[in-house]
Amino acid sequence: MQALIEVVLPVFLVIGFGYAAVWRGLFSESAVDGLMVFTQRFALPCLLFRALSTLDLGAGFDPALIGSFYAGAVAGFLAGLLGARYLFGRDWEDAVAIGFCCLFSNSLLLGLPITERAYGADALAGNYAIIALHSPFCYALGITAMELVRARRAGAGTAGLPTKVAGAMLKNALILGILAGIAVNLSGWTLPVPIGDALDLMVRAALPAALFGLGGVLYRYRPEGDLRTIAFVAAVSLLLHPAVVWGLGQASGLPETGLRSAVVTAAMAPGVNTYIFADMYGRARRVAASSVLIGTAASVFTAWLWLAALP
């Protein structure tokens with residue numbers, strides 16, 4: 001209970017403030033849109049750039065950490081894909097979008113602040129290593145699967161698939177921030193002090209503003225229909241994914257710090273990017289939107305349980 005009060009609850013209270021502010025008309029939906037543009041296109045890319053430009057890449061990118069987390073993510077994607085198709089009778093395009101909901105945990109807006117509050121800023125190297133690959137990996141897998149399904153349905157070839165996948169990813173500001181940070185890190189270049197200080201100002205605004213904005217965005221996502229499918233997505237995201245990561249991390253001898261980062265990140269609810277993906281293809285949008293809302297609410301309790309179980 002102490003972990004719930006001191007670690008998990010403050011993060012969700014900020015989200016709740018954003019939700020309540022929009023609900024009561026104190027913060028307009030257009031203001032939420034502006035806030036999310038600021039965080040998603042500017043502040044959060046600055047945070048990722050700053051973190052990855054100074055991260056010890058050799059220590060952070062532990063193969064056991066990356067392998068455990070992403071094997072769990074793929075297991076979640078396959079469970080969502082096959083469950084949607086064979087348990088709930090959705091067509092293959094809907095099934096891919098639902099699989100993406102089970103794949104893309106909210107590693108940045110939830111996993112990062114909860115890990116920091118639970119274990120301190122020095123414990124975040126594993127989180128940043130996961131986040132550096134998260135959007136590129138998940139979008140590459142999701143877009144590839146969707147385009148293959150569409151090509152098969154249309155009887156078309158897949159010759160242009162790599163270009164389409166790369167183009168979609170390089171339009172994402174978060175991915176650009178990640179790539180720029182890694183490039184600076186590998187170059188050994190040190191940022192001038194004024195630029196570093198300016199980035200630090202942006203970084204300090206990133207997570208609080210993003211959490212508040214997330215609350216406002218969630219207000220739009222009313223849970224409607226498909227409740228069995230939504231419950232299935234929440235179960236895969238909040239229970240199956242972290243359980244697979246836990247088991248593989250233990251089996252591979254993942255150090256305690258890395259295990260914490262991997263399991264906490266895996267235990268987070270589907271991120272808003274799952275709705276963006278569903279909306280991009282016009283498939284399973286209601287399931288994606290409601291899964292973000294219900295999964296985020298449920299993760300208040302499941303995150304506490306996983307924190308209690310971790311060493």
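The values are calculated or read from the model by the stated rules, or taken from the named source; none is laboratory data. Note that the coordinates shown come from a computational prediction; the quantities given were computed from them, not determined experimentally. FYI the Cβ positions are ideal-geometry reconstructions off the backbone, even for glycines, and counts take in every protein chain you see. Each accessible area value is taken on the protein alone, full model and side chains, heavy atoms only, with ligands, DNA and RNA left out. Shrake-Rupley method; radii C 1.70, N 1.55, O 1.52, S 1.80 Å.
Among 231, 198, 95, the largest mean-square fluctuation in a Gaussian network model of the chain (Cα springs under 10 Å) belongs to 198. Entry note, the chain: relative contact order of 34 percent, from Cα contacts under 8 Å with a spacing of 6+ residues.
Loop-located trypsin sites (Lys or Arg not before Pro) across the range 6-109 with a Cβ neighbour count of 10 or fewer within 10 Å are 24, with loop assigned by DSSP. Rolling a 1.4 Å probe across the protein heavy atoms gives the chain an accessible surface of 42 Å² per residue.
Summing Lys, Arg as +1 and Asp, Glu as -1, what charge do residues with Cβ under 12 Å from the Cβ of residue 262 carry, residue 262 excluded? Neighbourhood net charge equals -1. One Cα centroid belongs to the range 161-238, the other to the range 263-311; the line between them spans 14 Å. Taking every full run of DSSP H in the chain, the ones that stretch at least 24 Å from end to end by Cα along their long axis and average 0.0 or higher on the Kyte-Doolittle scale are 63-82, 125-154, 193-220, 285-309. Other residues with beta-carbon under 13 Å from the beta-carbon of residue 62 carry, at +1 per Lys or Arg and -1 per Asp or Glu, a net charge of -1.
Rounded to the nearest 20, the Cβ-based charge dipole of the chain about its Cα centre (Lys and Arg +1, Asp and Glu -1) stands at 800 debye.
Considering only 99, 252, 12, and ranking their Cα positions along the charge dipole of the chain that arises from unit charges at the beta-carbon of Lys, Arg, Asp and Glu, the one farthest toward the positive end is 99.
Under a Gaussian network description of the chain, with springs only between Cα atoms under 10 Å, the residue in 182, 276, 130 that fluctuates furthest is 276.
When the chain is treated as a GNM with alpha-carbon contacts under 10 Å, the residue of 255, 113, 270 showing the greatest mean-square fluctuation is 255. The magnitude of the dipole of the range 199-259, with charges of +1 and -1 set on the Cβ of Lys/Arg and Asp/Glu and taken from the Cα centre, is near 180 debye.
Taking the Cα centre of the range 18-114 as reference, the dipole from Cβ charges on Lys and Arg (+1) and Asp and Glu (-1) amounts to some 160 debye.
Exposed loop sites are taken as chymotrypsin sites (Phe, Trp or Tyr not before Pro) in a DSSP loop (any state but H, G, I, E or B) with at most 16 other beta carbon atoms within 10 Å; the longest stretch of the chain without one runs 190-311.
The relative contact order of the range 92-251 comes to 30 percent, based on Cα pairs under 8 Å that sit 6 or more residues apart. Dipole of the chain computed with +1 at Lys/Arg Cβ and -1 at Asp/Glu Cβ about the Cα centre; of 308, 48, 144, farthest Cα towards the positive end is 144.
Of the accessible area of the chain, computed with a 1.4 Å probe over protein heavy atoms only, carbon and sulfur atoms account for 65 percent.
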